[in-house]
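Asks: Before we start, here is the structure in question, set down as structure tokens.
The values are calculated or read from the model by the stated rules, or taken from the named source; none is laboratory data. Model, not experiment: these values are computed from the prediction. As a convention, Cβ positions derive from the backbone with ideal geometry for all residues, glycine included, and neighbour counts pool all protein chains shown.
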Amino acid sequence: MNVTQRLAITGAKLASRMSRLIGKQGQNLPGTIGLRLSPGILRDLSHQVSQATVMVCGTNGKTTVNNLLADLSEQNGYRVVANRTGANLTEGVAGSYILASRGGRIEADLAFLESDEAWARHTIKHLPVDLMIITNLFRDQLDRYGEIDTTMEYLLEAIERKPDLRLLVNGDDPLCVHLAQTSGRSFSTFGITEPVLAQTEETREATFCPVCDRPLDYQFYHYSQLGHYDCTCGFHRPAIDYAVTEVDLSDGLSFKLAGQAYTIAYRGFYNIYNFAAVIAAFDLLDLKRDRLPQQLQLFLPKAGRNEIFQVGPTRLILNLAKNPAGFNQNLHSLLADDTAEAVLLGINDEAQDGRDVSWLWDVDFERLKKTDVKQILTTGARGADMLLRLKYDGIEGRLVLELRAAIDQLLQAQPKVAYVLVNYTLLQPAHAYLKALAQRSRS
Ligand SMILES: [Zn+2]
């Protein structure tokens, strides 16, 4: 480490401390400053990690997977560098290393880095990545990246930069598998190898064969384009290396993977994929994993992700729904819950949400008609678009523009169970308000 690099680290850490003083959090600023002062800083620090570096990409679940990997590795005695706050551009990754360094050195066994799909090809140039995990590839934030094909091109570019990189992908996702096959690398897969949810018709994304564009055949499917697919051209779901079976969703998540039973206090079927990816990565990296089942059992979901609030007689379930796949999965849970009586759908359009809300047209809201839901409200800056979208499917709803007023309205009829499904920038305010209401109703 030379003088310039030491200065870059000092400057970056100082900037981080100052930004925290003015109430800002995050790893972008130290990364930006560090890279500006010493462009080689990320390469230098990242190559000091002794055992393995993992990059996690994919539309949904990458923060969950990355943080689980980091937390569980630490619990098993490894020293870890990770961008846990979800700062997943090159600056955020650099910031994570800089803040973890002591005297210009990184003392870590493992690095876990979540990366934005479009930025992976830039960030990876600096890093000794051994394993790349791709959780899934859904349509998301179209206004930022264009079509899913572009995202796949970007990821291929990233993979090509690292000849020794291994791949772990979602084998139930035809897009992930096609990407892995196109890359020419050997790859491992995780997947759910039996039907779990009711096999209803649903808007599936990319149900066309990624090789020949004909519609894919499904033996069964889970949601969106995930399932057991094959095509007349020969493209098919490969053998699943890490196969999840015996799924039980009645109380949290229970399943078997490689003969081992797991019970986890998370809700949401889609989280099984996140856990399968984590368990598979531990195996591929040959990390200590004897206690994983017990450690996973003690894991609790993050605030606002399928969190339950009791307000008077009403049980409220709050969840994030930020793209068609996430929304359809939430509607699936709702359909399976015959106690649900009310739903609030909140849509904002700030930068983090994506300004373009045309993806709402890809969500299968029609299935709301098959539920016992009596009251449907919409809210948020694009609550009116949401309402219009429902009308198109012949569903009656009502717009209450302001979030807290909408929640109050939802509670007024005292439903037994109500769902609050919101996109990104509404999640935190909804969480704060529901928490306050729950506290007030207890006292
Ligand atoms: Zn085909």
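Asks: Would you check which residues across segment 219-233 are over 23 Å from residue 151 (Cβ atoms) and either within 16 Å of the ligand (Cβ to nearest atom) or without any contact (Cβ under 8 Å) to a residue 24 or more places away in the chain (or both) and list them?
Replies: Correct list: 219, 228, 230, 232.
Asks: Moving on to the next point. So which residues in segment 234-291 are within 16 Å of the ligand (Cβ to nearest atom) and either free of Cβ contacts under 8 Å to residues at least 60 places away in the same chain or under 21 Å from residue 76 (Cα atoms) (or both)?
Replies: 234, 236
Asks: For residue 296, which of the numbered conditions (1) more than 14 Å from residue 271 (Cβ to Cβ); (2) touching a Leu at 6+ places or on another chain (Cβ under 8 Å); (3) crowded, with 16+ Cβ neighbours inside 10 Å fails to hold?
Replies: Status for residue 296: all satisfied but (1).
Asks: For segment 362-389, what are the residues that are more than 27 Å from residue 312 (Cβ to Cβ) and either touching a residue at least 60 places away in the same chain (Cβ under 8 Å) or surrounded by 13 or more Cβ atoms within 10 Å (Cβ to Cβ) (or both)?
Replies: Answer for segment 362-389, where residues must be more than 27 Å from residue 312 (Cβ to Cβ) and either touching a residue at least 60 places away in the same chain (Cβ under 8 Å) or surrounded by 13 or more Cβ atoms within 10 Å (Cβ to Cβ) (or both): 362, 363, 364, 365, 366, 367, 381, 382, 384, 385, 388, 389.
Asks: Within segment 391-408, count every residue that is surrounded by fewer than 19 Cβ atoms within 10 Å (Cβ to Cβ) and more than 19 Å from residue 308 (Cα to Cα).
Replies: So the count comes out to 11.
Asks: Tally up the residues in segment 47-104 that are more than 21 Å from residue 173 (Cβ to Cβ), assigned to a loop (DSSP other than H, G, I, E, B) and touching a residue at least 12 places away in the same chain (Cβ under 8 Å), please.
Replies: The total comes to 17.
Asks: Scan segment 217-251 for residues that are in a loop (DSSP other than H, G, I, E, B) and surrounded by 16 or more Cβ atoms within 10 Å (Cβ to Cβ) and jot them down.
Replies: Scanning segment 217-251 gives 224, 225, 231, 235, 237, 240, 241, 249.
Asks: Hey, another quick one. Where residues in segment 358-371 are of a type in the set (A, V, I, L, M) and under 19 Å from the mean Cα position of the chain (by Cα), which of them is farthest from residue 386 (Cα to Cα)?
Replies: 363
Asks: How many residues does segment 187-209 hold that are at pLDDT 90 or above and either within 16 Å of the ligand (Cβ to nearest atom) or under 19 Å from the mean Cα position of the chain (by Cα) (or both)?
Replies: So the answer is 5.
Asks: Test residue 29 against the stated conditions and say whether it is closer than 30 Å to residue 179 by Cβ, part of a helix (DSSP H, G or I), over 23 Å from the mean Cα position of the chain (by Cα) and not assigned by TED's automatic domain parsing to the domain that holds residue 171.
Replies: Considered against the rule, which asks whether it is closer than 30 Å to residue 179 by Cβ, part of a helix (DSSP H, G or I), over 23 Å from the mean Cα position of the chain (by Cα) and not assigned by TED's automatic domain parsing to the domain that holds residue 171, residue 29 comes out as no.
Asks: Another question, if that's okay. Does residue 413 satisfy the condition of being over 26 Å from residue 435 (Cβ atoms) and out of contact with any His (no Cβ under 7 Å at 6 or more places or on another chain)?
Replies: Taking the combined requirement at face value, the residue does not satisfy it.
Asks: Can you name the residue in segment 65-89 that is buried (at least 24 other Cβ atoms within 10 Å of the Cβ) and not aliphatic (A, V, I, L, M) and is also nearest to the chain's Cα centre (by Cα) among such residues?
Replies: Across segment 65-89, the extreme among qualifying residues is 66.
Asks: Let me ask something else. Based on this model, can you work out whether residue 115 counts as crowded, with 24+ Cβ neighbours inside 10 Å and more than 24 Å from residue 210 (Cβ to Cβ)?
Replies: no
Asks: Across segment 296-337, what is the total count of residues that are farther than 21 Å from residue 226 by Cβ and of a type in the set (S, T, N, Q)?
Replies: Summing the residues that are farther than 21 Å from residue 226 by Cβ and of a type in the set (S, T, N, Q) in segment 296-337 gives 3.
Asks: Now for a separate question. Could you list, in sequence order, the residues of segment 409-431 that are within 23 Å of the chain's Cα centre (by Cα), of a type outside the set (Phe, Trp, Tyr) and surrounded by 14 or more Cβ atoms within 10 Å (Cβ to Cβ)?
Replies: Answer for segment 409-431, where residues must be within 23 Å of the chain's Cα centre (by Cα), of a type outside the set (Phe, Trp, Tyr) and surrounded by 14 or more Cβ atoms within 10 Å (Cβ to Cβ): 420, 421, 422, 423, 425, 426, 427, 429, 430, 431.
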